[in-house]
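Have a look at the structure below, then the notes.
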Amino acid sequence: MAMAVIPDLAELQATVARMETRFDADPRASGLMASYRDLCARFDADLADPRDIALSRAAALMMIKYQIGET
């Protein structure tokens, strides 16, 4: 049985930054990224733990990835 690897906060934040850059440059994601930015403000206001914020942002970005059909 494989053990789960838990990424540290810096890795999560780097992944989020990479995904934001990629989707900001993708015209298919422009409307979704506007909604994502609104969500980010909510995450920042509602969540205290930086790891929770990073995980929430990553989850929202994964939904964008799914919506634009990226595999």
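The values are calculated or read from the model by the stated rules, or taken from the named source; none is laboratory data. All of these numbers come straight from a predicted model, not from anything done at the bench. No Cβ is skipped: glycine too gets one built from the backbone with ideal geometry, and neighbour counts run over all protein chains shown.
Test MET33 against the criterion of being of a type in the set (A, V, I, L, M), surrounded by 11 or more Cβ atoms within 10 Å (Cβ to Cβ), in contact with a helix residue (DSSP H, G or I) (Cβ under 7 Å, 6 or more places away or on another chain) and touching a residue at least 40 places away in the same chain (Cβ under 8 Å), and give yes or no. Lay out the reasoning, then the answer.
Working: of a type in the set (A, V, I, L, M): yes; surrounded by 11 or more Cβ atoms within 10 Å (Cβ to Cβ): yes; in contact with a helix residue (DSSP H, G or I) (Cβ under 7 Å, 6 or more places away or on another chain): yes; touching a residue at least 40 places away in the same chain (Cβ under 8 Å): no.
Taking the combined requirement at face value, the residue does not satisfy it.
For every residue, the table says whether it meets (1) surrounded by 10 or more Cβ atoms within 10 Å (Cβ to Cβ); (2) aliphatic (A, V, I, L, M); (3) at pLDDT 95 or above.
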{"residue": "ALA2", "(1), (2), (3)": "no, yes, no"}
{"residue": "PRO7", "(1), (2), (3)": "yes, no, no"}
{"residue": "ARG18", "(1), (2), (3)": "yes, no, yes"}
{"residue": "ASP24", "(1), (2), (3)": "yes, no, yes"}
{"residue": "ARG42", "(1), (2), (3)": "yes, no, yes"}
{"residue": "ALA45", "(1), (2), (3)": "no, yes, yes"}
{"residue": "ASP52", "(1), (2), (3)": "yes, no, yes"}
{"residue": "MET63", "(1), (2), (3)": "yes, yes, yes"}
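Could you grab the pairs with beta carbons closer than 7 Å, sequence gap of 6+ or different chains, first residue in segment 51-65 and more than 12 Å from ARG18 (Cα to Cα), second one not hydrophobic (A, V, I, L, M, F, W, C)?
ILE53/ASP44; ALA54/GLN13; ALA60/TYR36; ILE64/TYR36
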